[in-house]
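The values are calculated or read from the model by the stated rules, or taken from the named source; none is laboratory data. Bear in mind the structure is a predicted one, so any value in this text is a computation, not a measurement. Every residue, glycine among them, receives a Cβ derived from its backbone with ideal geometry; neighbour counts consider all protein chains shown. What goes into the accessible areas is simple: the full protein's heavy atoms, side chains included, and nothing from ligands, DNA or RNA. Shrake-Rupley method; radii C 1.70, N 1.55, O 1.52, S 1.80 Å.
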There are 2 protein chains.
Amino acid sequence: METQDLKKVGLKVTLPRMKILELLQNADQRHLSAEDIYKLLLEADEEIGLATIYRVLTQFETAGLVTRHHFETGQAVFELERGEHHDHLVCIKCGKVEEFKNETIETCQDKIASEAGYRITDHSLIIYGVCPECQKK
Amino acid sequence: METQDLKKVGLKVTLPRMKILELLQNADQRHLSAEDIYKLLLEADEEIGLATIYRVLTQFETAGLVTRHHFETGQAVFELERGEHHDHLVCIKCGKVEEFKNETIETCQDKIASEAGYRITDHSLIIYGVCPECQKK
DNA sequence: GACCATAATGCAAAAGCTTCTCATTTCTCT
DNA sequence: AGAGAAATGAGAAGCTTTTGCATTATGGTC
Ligand SMILES: [Mn+2]
Ligand SMILES: [Mn+2]
Ligand SMILES: [Zn+2]
Ligand SMILES: [Zn+2]
């Protein structure tokens, strides 16, 4: 029940917030831009302003419900936070996004940061390439 | 002699291009945004339009003279290409950028991409953290 | 060195994404 | 149901980057 998720993080339960959360949970595509969400909601006859979508996504991000990524598409994409960190493999032809997790890389990163004396707060690893389907064309 | 660099890649030798290239070679800070370059040139009494700077940087990128990065600062940063790939460690407090290269990570990335059937074209690994100096404050 | 065709520049306007303002609506709590 | 507080929608504004077009500079030729 999503209503709980919102209350838990101190956000009022409103229609826009419910619909956006629902969409993030159920959409085929896990990684969505604000505009994607806007259009998908329109298709479902839920007319929610783009400004609200941006506002809500930022609130969700602050609340730890979603994560924002900056792939090189010009627009940020958001995905529901599932508690397990992962990185991304993005097809430059069709935009498909795959996820992966690699302990060796994570460990190396921590080592690099600590050797440089940095207190690491975050990282972003994105591999760009052409997916198997797009290679055939 | 920078004039050669430009001719080599098929670009006319113009004052803006020379000045921008020179700045990228000599600036204290290796990673500069278009606006940074604009302002530094102004300080040096070289009034070059921002549009030209963007255009030239894109041409330099296409020609392989510079590399463009998207740190999460809202603006792209550019650095002179030195032929050796590396990744970045960015201080979220002061904006300092450090470079590193890690063979283990590079190898893992290639393995991940090929296991997913992707033909890798590029990747971006950015570690965000707080640098030693900023930790003291 | 002057000339010409072509390419590059500067400026302002436009575009693309995101945030903000403020009047109106919706929630929550009683 | 009603009051107070918070959220929404619509449009304006903000930022970074790109584009159109008139003007200027460059590189090759005579
Ligand atoms: Mn993901
Ligand atoms: Mn670098
Ligand atoms: Zn693809
Ligand atoms: Zn710092």
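Here is how the numbers come out for the structure above:
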quantity: Under 5 Å, built H, 5+ apart or other chain: amide partners of A:GLU81; calculated: A:VAL66, A:THR67
quantity: Estimated dipole of the protein assembly as shown in Debye, rounded to 20 [Cβ of Lys and Arg +1, of Asp and Glu -1, Cα centre]; calculated: 260 debye
quantity: On Cα atoms only, tilt of A:50-63 relative to the major axis of chain A in degrees; calculated: 60 degrees
quantity: Using a 7 Å Cα-to-Cβ projection, A:LYS39 label spacings across copies, nm, ascending; calculated: 3.7
quantity: Signed unit charges on C-beta, dipole axis of region A:22-137, positive-most listed residue A:HIS123, A:LEU89, A:GLN135; calculated: A:GLN135
quantity: Residue-averaged beta-carbon neighbours from other chains (10 angstrom radius) around A:88-95; calculated: 3
quantity: Number of partner chain Cβ atoms within 10 Å, mean per residue of A:108-118; calculated: 6
quantity: Angle between chain B longest axis and helix B:34-43 axis [Cα atoms, degrees, rounded to 10]; calculated: 40 degrees
quantity: Angle between chain B longest axis and helix B:15-26 axis [Cα atoms, degrees, rounded to 10]; calculated: 40 degrees
quantity: Relative contact order for region A:39-93, counting Cα pairs under 8 Å that sit 6 or more residues apart, in percent; calculated: 19 percent
quantity: Top of B:THR121, B:THR62, B:THR107 by mean-square fluctuation, Gaussian network on chain B, Cα under 10 Å; calculated: B:THR121
quantity: Cβ-placed point charges (K, R +1; D, E -1), dipole of region B:2-80 about Cα centre in debye, nearest 20; calculated: 440 debye
quantity: Highest-MSF residue in chain B out of B:GLN59, B:GLN25, B:GLN109 [GNM, Cα springs under 10 Å]; calculated: B:GLN109
quantity: Size of electric dipole in region A:1-132: Cβ of Lys, Arg +1 and of Asp, Glu -1, about Cα centre, debye, nearest 20; calculated: 320 debye
quantity: Inter-chain shielding of A:99-105 (mean C-beta neighbours from other protein chains, 10 Å cut-off); calculated: 4
quantity: Nearest-0.05 FRET efficiency for B:ARG55 and B:GLN75, computed from C-beta distance (R0 22 Å); calculated: 0.90
quantity: Entries in A:LYS8/B:LYS93; B:LYS93/B:LYS137; A:LYS93/A:LYS136; A:LYS39/A:LYS137; A:LYS39/A:LYS96 that, when Cα-Cα distance is taken, lie over 20 Å; calculated: A:LYS8/B:LYS93; A:LYS39/A:LYS137
quantity: Other copies of B:ASP28: label-to-label distances in nm, shortest first, labels 7 Å along the beta-carbon direction; calculated: 5.3
quantity: Computed accessible area, B:GLU84, all protein chains, 1.4 angstrom probe, square angstrom; calculated: 120 Å²
quantity: Kirkwood-Stokes translational diffusion coefficient of chain B, alpha-carbon pairs, 10 °C, 1.306 mPa s, µm²/s; calculated: 95 µm²/s
quantity: Modelled FRET efficiency - R0 22 Å, B:LEU15 with B:THR62, Cβ distances, 0.05 increments; calculated: 0.65
quantity: Local electrostatic count at B:THR107 - Lys and Arg +1, Asp and Glu -1, tallied over other residues with Cβ under 13 Å; calculated: -2
quantity: The protein assembly as shown - mean residue ellipticity at 222 nm from DSSP helices (-39,500 (n - 2.57) per run, n ≥ 4, rounded to 500); calculated: -13000 deg cm²/dmol
